[in-house]
Amino acid sequence: MIQKHASQFETQVLGNSIDGRSISSLDWGNGETKVMLWSQMHGNESTATMALFDLFNFLEGSGDEYEEIRNTLRSNLNIKFIPMINPDGAEAFKRRNSLDIDLNRDAISQISPEAIILKNARDDFEPEFGFNLHDQQVYYNVEGTDKQATISVLAPAYNVATDVNEVRKRAMQTIVGMNKVLQQVVPGQVGKYDDAFEPRAFGDNIQKWGTSTILIESGGYWGDPDKQYIRQLNFMIILDALYQIATKGYEQYTTEEYFAIPDNDSKLADLMINEMLVEVGGKKYPIDLIIRRRESEVPGGYYVSGSIEDLGDMQVYYAPEVFDASEFEFEEGKVYESTLEDIGSLDFKQAIDLLKQGYLAVKVKNGASKDLHSLPILVLKSVDSFPSVWTTGSAPNFYLAKDGELKYAIVNGYLIDLENPKQQDFKQRIY
């Protein structure tokens, strides 16, 4: 993909990863102000990398209404893009590199060759502005609201006191302009990341070394699991920030406006069940549950693993799916007695019929652990049973019963209405 842009960008191999994969830069523009953008320091954080290639396509464009923008950027900026710092992690789609080191904690010791490459690139280029591009977990919300922090921003601190000098001030001002764009398309969904100083992190240290550094964290947006809309948002705000820098438009904004951006919080879940009745010691107690479904990558796709994150009084949490279970009791599920040949022996309707009979799981003869399926039921191969409990940290697999009748099933954190089941995108695996 980099070579496709070699005719209009100056490309250079900066070095190689631990496993020998190349790490390249693409340079564009002939202006005086230097800007450096780096992405995918964490291998499974790819949203901004996609957006950078969208930006390359835009910068190569011509003959449209955006020529003035391109000409302004080209004549005022000298931009260095490093679209993938951790290619080994990207290949395995995991956070860390092949040494199992978090590259964002290797700015000082520089144990990893990838960290050395990034540090040398900054020192050789000496950019005035830097963009540190990441993804964050989807359960961040904007503090005090039920809105996802779809984009989080930060002008990292350069010391423990989190002082503001001219270098950090420029980053803050630029972020204010980016936020004004975002508020037009995702109002209320921008959070400010924690600015506690991390002495080992690249963002903090690059700020300390004199480059006005802007952190962009791509979070979640309900209905956009592959982050293609968030990819568009990245493109928009990066382009906006570059134009601000080229025209010094950021100078109109204040640090007070930056600090007015609300903070991130972590109060989101996929499903909230309120006041479910559980029996302990012969007495029934109403409890709230918050359930999250986290993704795990495997060849050919991904599956989710549901977990009961917390229970009790969960009124400070938010979820796109909230169920009032005040008239429902917890009920355990069972494993179907007969063993099926494989998951192809079962379709959606048959799975629902089994759920209605109290079976939350089936066993199969053929199939491998972590094979993917989209059935609304647990599929067991290497194990014969599953825990059906309601306690914190457990997998959420149980029923909600009313007057002794099973009304809803919770399967791996998915809520299923047994009387009126709807098609859902079940991302499951064989156990």
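A Förster radius of 25 Å, combined with the Cβ-Cβ distance separating V185 from E67, puts the computed FRET efficiency at roughly 0.55.
Dipole check for the chain: with +1 at the C-beta of Lys and Arg, -1 at the C-beta of Asp and Glu, and the Cα centre as origin, the magnitude is about 680 Debye.
Computed extension length for T391-A161: 78.7 nm, one decimal, from 0.36 nm per residue of separation with the Cα-Cα distance subtracted.
Hydrodynamic radius of segment 1-157 by the Kirkwood approach over all distinct alpha-carbon pairs: 16.7 Å.
Given in Å, the Rg to one decimal and the Dmax to the nearest whole number for the Cα atoms of segment 116-239 are 14.6, 44. Among the protein heavy atoms of the chain, carbon and sulfur supply 45% of the accessible surface, probe 1.4 Å, non-protein parts ignored. The peptide list 56-62, 21-27, 271-277, put in order of mean Cβ contacts within 10 Å with the highest first, becomes 271-277, 21-27, 56-62.
The 3J(HN,Hα) values that the Karplus relation (6.51, -1.76, 1.60; θ = phi - 60°) gives for segment 221-234 are, in residue order, 8, 3, x, 10, x, 8, 6, 6, 6, 5, 4, 4, 4, 4 Hz. Gly and Pro appear as x.
For segment 84-95, backbone phi angles converted through the Karplus equation (6.51, -1.76, 1.60; θ = phi - 60°) give residue-by-residue couplings of 8, 7, 10, x, 5, x, 5, 4, 8, 6, 10, 5 Hz, Gly and Pro being listed as x. Working note: Karplus 6.51/-1.76/1.60 with θ = phi - 60° gives segment 109-116 the couplings 5, 6, 6, 8, x, 5, 5, 4 Hz, where Gly and Pro are set to x. Across segment 7-67, Cα-Cα pairs farther apart than 16 Å form 59% of the total. Rg/Rh for the chain (Cα atoms only, Rh after Kirkwood) is 1.04. Other residues whose C-beta falls under 11 angstrom from the C-beta of F259 contribute a net charge of -3, scoring Lys and Arg +1 and Asp and Glu -1. For the peptides 91-99, 76-84, the ranking by mean Cβ contacts within 10 Å, running from highest to lowest, is 76-84, 91-99.
When the trypsin sites (Lys or Arg not before Pro) in segment 381-431 are filtered for DSSP coil states and for at most 15 other beta-carbon atoms within 10 Å of their beta-carbon, the remaining sites are K422.
The value of relative contact order for segment 153-279, using C-alpha pairs under 8 Å at least six residues apart, is 37 percent.
The values are calculated or read from the model by the stated rules, or taken from the named source; none is laboratory data. All values reported here derive from a predicted model rather than from experimental measurement. FYI the Cβ positions are ideal-geometry reconstructions off the backbone, even for glycines, and counts take in every protein chain you see. Only protein heavy atoms, including side chains, enter the accessible area calculation; ligands, DNA and RNA are left aside. Shrake-Rupley method; radii C 1.70, N 1.55, O 1.52, S 1.80 Å.
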